[in-house]
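J.: A single structure is presented below for examination.
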Amino acid sequence: VALRGLAQRAPQRGKHRLFWACLAAPGILWLTLLFIVPFYVVLAIAAGQLNQLFGTPIAEYNPLHWTTGNLSAAWRDIAGPSAYLGPIFVRTILYTAIASALCLLIGYPAAYFVARFAGPRRKVLMLVLLIAPFWISYMMRMLAWVDLLQTNGYVNSALQFLHLANHPVNWLSGQPVTVVLGLAYGYIPYLILVLYAGLDRIDPALIEAGRDLGLGKARTFMRVTLPLSRQPIMTGLLITVLPMLGDYFTNQLMSGATNTSMIGNVIDQQLSTPLFQGEGAVFSIFLLLILMVPMIYYVVATNRTSREAV
Amino acid sequence: VNASTATAAPSSQADRTVRRASGFRRRNPWRHPWFLEGFTWLYLIWSLVPIGLAVLFSFNNGKSQAVWQGFSWRWYFSDPVNSVLHDPVLHESVVQTLRLSVYTTVIAVPLGVAFALGINRWRGVTASSFNFVMILSFVIPELIFGVAMFFTFTALFSFVHLGTLAETLGLVTWNVSWPAIIVQARLVTLGRQYEEAAADLGATGWQTMRRVMLPLLAPAIFASAVLVFSSVIDDFVLVDLLNSNAANTPMSVLIYSTQRGGNGGPALNALGTIMLAMSFVVALVGYLGYRWMTRGERMDNRQALAAITGADS
């Protein structure tokens, strides 16, 4: 009887596998056609040629016919005699680094307070307020600062009222400080949510043990809390750095000038001119390759924490 | 959760003993961190007050986005030409945002739920590699994905012209990971015992799915629908790259391109306020709906908040 049961079950399991596979099939097909194939198209455009007549890019899907025209054009702009991208790369890294550091410096204390010290009722209120920007459109949040930073806006009135400035500052055209603060303002809610989730998971008993065993406040923080929050800090920073490196809109709204351009602005501009679309494809592959490492790190790290949580 | 209240009583007593024994005043090591609290409130003010002011300026009785000139509804409906209600471009952008949100949610949620169920139970290399692809689509910077979509719809699938269809296809791909990830997380917590019980009682795969799994997964599916809907309302990069004319430009792109073109005005603040109101309605419906659907489960406010923010998966 047992044997017959086994014999019956085997084909049924095969049937179940087919059932699950059929369920996953539409999603798999969709991701193949509209996620995997598109990246091959970018590659094909990057390695393709230009239609001389219309000045539009032609995709070349056969790897045997790939050309390096766009690649060398990109290289000319990076390292050739008329290269203009060097400062843009440096600026991209600099702005992203400063803005992310600001996010962390502001976000960590706030997340730490809400996770560890806020009483139950206040915690819910503060969480709602921390989450609120997550539900407010990014454009609305940028627009808010565009309003405040106008020449006759409230920021300038306040500065003049406090005698910190004699005449209104033109914040919205080519001020690096505005762009960096805009980036920090834009992405900090994501960092705070990740930090909060991580810090909330730290067992308070560990911190109390540190204090009970004679460590001072600062040393408990350095020896216990900070090492335990390394993982959330890393994933939180990634969640701000990845989109900042591909950001062009914050920069456009906060400055719009070429002296604050970042790599995202270059790609965005090249995309809007058919003649340069091939080069834009090269740069977006370039950016993808650089970001592949942190992206995979992020996937592995979050997978590990979610498995530990279960 | 209650670390501060739980430790308050014994520690103050210990503190008193220490003070008496050592003979000098010591600061209570567990006292409330007022400085940190003040800092947190300052952060919240910095984060939210500008938005409040932007909402206020949408009611400005003047053309300025920076100087208050009195209250009016003119940018919403009173002005016969330039209000959101009467200007066809502004009006159409509201409709387009809603249209894209509905289309994307209706396609992405069933697709993602089926994908999650299939991938989670059908073990093998194909399943795990496509799961990896799905997670990659969750973390990839939107600009890089947007460029790929742009070239796909202009070079390979050029029969899909830039416009509503291209925007919807792009947004579905970009958002399908919400239901896929959330439902998988729920499947892991549920375990397999319900399915196995159903199978032992003679249910077929399809019956198990419909009668057992879907009801159990309903809160997760609902939460992911809320997240997809609201993230389409707020989406910018993809629709910025995939729109073709005023008829298929949603609110976020219109705000950006108009403000950047130097034609900003309180009407844009009105659009932003409408977006904000839409998101908050969705969030509220999501929160209440989620609480209602999980009313039998032990859960506090924070868990429900986390669920509809996507923070618990």
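J.: Out of (1) farther than 25 Å from A:Phe249 by Cα; (2) surrounded by fewer than 18 Cβ atoms within 10 Å (Cβ to Cβ), what's the single condition that is false for B:Ala116?
T.: If we test B:Ala116 against (1) farther than 25 Å from A:Phe249 by Cα; (2) surrounded by fewer than 18 Cβ atoms within 10 Å (Cβ to Cβ), just (2) comes out false.
J.: Based on this model, can you work out whether A:Ala79 counts as under 21 Å from the mean Cα position of the chain (by Cα) and over 30 Å from A:Val37 (Cα atoms)?
T.: So A:Ala79 fails the test.
J.: I need the full set of residues from the stretch B:214-232 which are surrounded by fewer than 22 Cβ atoms within 10 Å (Cβ to Cβ) and either among the aliphatic types (A, V, I, L, M) or at positive phi (or both), in order please.
T.: The answer is B:Leu214, B:Leu216, B:Leu217, B:Ala218, B:Ile221.
J.: Against the definition (buried (at least 20 other Cβ atoms within 10 Å of the Cβ) and over 23 Å from the mean Cα position of the chain (by Cα)), how does A:Thr240 come out, yes or no?
T.: On the way: buried (at least 20 other Cβ atoms within 10 Å of the Cβ): yes; over 23 Å from the mean Cα position of the chain (by Cα): no.
In short, no.
J.: Quick one: would you say B:Val102 is modelled with pLDDT of 90 or more, surrounded by fewer than 16 Cβ atoms within 10 Å (Cβ to Cβ) and β-branched (Val, Ile, Thr)? Let's see the steps before the verdict.
T.: On the way: modelled with pLDDT of 90 or more: yes; surrounded by fewer than 16 Cβ atoms within 10 Å (Cβ to Cβ): yes; β-branched (Val, Ile, Thr): yes.
So B:Val102 fits the description; yes.
J.: Can I ask one more? Give the residue, chosen from B:Leu187, B:Leu165, that is part of a helix (DSSP H, G or I), more than 10 Å from chain A (Cβ to nearest Cβ) and either farther than 30 Å from B:Leu254 by Cα or touching a residue at least 24 places away in the same chain (Cβ under 8 Å) (or both).
T.: Details: B:Leu165 fails: either farther than 30 Å from B:Leu254 by Cα or touching a residue at least 24 places away in the same chain (Cβ under 8 Å) (or both).
B:Leu187 is the lone residue from the list that is part of a helix (DSSP H, G or I), more than 10 Å from chain A (Cβ to nearest Cβ) and either farther than 30 Å from B:Leu254 by Cα or touching a residue at least 24 places away in the same chain (Cβ under 8 Å) (or both).
For every residue, the table says whether it meets (1) over 18 Å from B:Tyr43 (Cβ atoms); (2) facing chain B (nearest Cβ under 7 Å); (3) modelled with pLDDT of 90 or more.
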{"residue": "A:Val124", "(1), (2), (3)": "no, yes, no"}
{"residue": "A:Leu130", "(1), (2), (3)": "no, no, yes"}
{"residue": "A:Trp145", "(1), (2), (3)": "no, yes, yes"}
{"residue": "A:Tyr190", "(1), (2), (3)": "no, no, yes"}
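J.: What number of residues within the stretch B:253-263 satisfy the criterion of being within 7 Å of chain A (Cβ to nearest Cβ) and over 13 Å from B:Val89 (Cα atoms)? Spell out the reasoning first.
T.: So the first thing to find is which residues in the stretch B:253-263 are within 7 Å of chain A (Cβ to nearest Cβ), and the list is B:255-256, B:259-260.
From what is left, the residues that are over 13 Å from B:Val89 (Cα atoms) are B:256, B:259-260.
Residues in the stretch B:253-263 being within 7 Å of chain A (Cβ to nearest Cβ) and over 13 Å from B:Val89 (Cα atoms): 3 in total.
J.: Go through (1) surrounded by fewer than 18 Cβ atoms within 10 Å (Cβ to Cβ); (2) in contact with a helix residue (DSSP H, G or I) (Cβ under 8 Å, 6 or more places away or on another chain); (3) aromatic (Phe, Trp, Tyr); (4) closer than 30 Å to A:Ala118 by Cα for B:Trp68 and report which single condition fails.
T.: So the condition that B:Trp68 fails would be (4).
J.: I've got another one for you. Taking the stretch A:259-294 only, how many residues are part of a helix (DSSP H, G or I), touching a residue at least 40 places away in the same chain (Cβ under 8 Å) and more than 18 Å from B:Phe145 (Cβ to Cβ)?
T.: Of the residues in that region, 6 qualify.
J.: What are the pairs, 6+ residues apart or on separate chains, where a residue within the stretch A:166-183 that is in a loop (DSSP other than H, G, I, E, B) has its Cβ under 8 Å from a residue that is of a type in the set (Gly, Ala, Ser) and surrounded by fewer than 19 Cβ atoms within 10 Å (Cβ to Cβ)?
T.: Pairs found: A:Leu172/A:Gly256; A:Ser173/A:Gly256; A:Ser173/A:Ala257; A:Gly174/A:Gly256; A:Gly174/A:Ala257.
J.: For the stretch B:198-252, enumerate the residues that are closer than 17 Å to B:Val94 by Cβ, among the aromatic types (Phe, Trp, Tyr) and assigned to a helix (DSSP H, G or I).
T.: The one that is closer than 17 Å to B:Val94 by Cβ, among the aromatic types (Phe, Trp, Tyr) and assigned to a helix (DSSP H, G or I): B:Phe229.
J.: Within the stretch B:192-213, count every residue that is among the small types (Gly, Ala, Ser) and surrounded by 16 or more Cβ atoms within 10 Å (Cβ to Cβ). Spell out the reasoning first.
T.: So the first thing to find is which residues in the stretch B:192-213 are among the small types (Gly, Ala, Ser), and the list is B:197-199, B:202-203, B:205.
Those left that are additionally surrounded by 16 or more Cβ atoms within 10 Å (Cβ to Cβ): B:198-199, B:203, B:205.
Going through the stretch B:192-213 one residue at a time, the tally reaches 4.
J.: For the stretch A:44-65, what are the residues that are outside any loop (DSSP other than H, G, I, E, B) and of a type in the set (S, T, N, Q)?
T.: Within the stretch A:44-65, the subset outside any loop (DSSP other than H, G, I, E, B) is A:44-46, A:49-51, A:56-58, A:63-65.
Hits for the stretch A:44-65 are A:Gln49, A:Asn51, A:Thr56.
J.: Could you identify the single residue in B:Asp234, B:Asp200 that is charged (D, E, K, R) and either in contact with a strand residue (DSSP E or B) (Cβ under 9 Å, 6 or more places away or on another chain) or within 19 Å of B:Thr309 (Cβ to Cβ) (or both)? Break it down into steps so the answer makes sense when it comes.
T.: Details: B:Asp200 fails: either in contact with a strand residue (DSSP E or B) (Cβ under 9 Å, 6 or more places away or on another chain) or within 19 Å of B:Thr309 (Cβ to Cβ) (or both).
Sole residue among the options that is charged (D, E, K, R) and either in contact with a strand residue (DSSP E or B) (Cβ under 9 Å, 6 or more places away or on another chain) or within 19 Å of B:Thr309 (Cβ to Cβ) (or both): B:Asp234.
J.: Next up: State all residues of the stretch B:137-162 that are facing chain A (nearest Cβ under 7 Å) and free of Cβ contacts under 8 Å to residues at least 24 places away in the same chain; if no residue qualifies, say none. Break it down into steps so the answer makes sense when it comes.
T.: First, pick out the residues of the stretch B:137-162 that are facing chain A (nearest Cβ under 7 Å): B:137, B:139-144, B:147-152, B:155-156.
Listed by number, the residues that qualify are B:Val139, B:Ile140, B:Pro141, B:Ile144, B:Ala148, B:Phe151, B:Thr152, B:Ala155, B:Leu156.
The values are calculated or read from the model by the stated rules, or taken from the named source; none is laboratory data. Note that the structure is a prediction, hence the values are computed from the model and not measured. With ideal geometry, Cβ positions are generated from the backbone for all residues, glycine too; neighbour counts draw on all protein chains shown.
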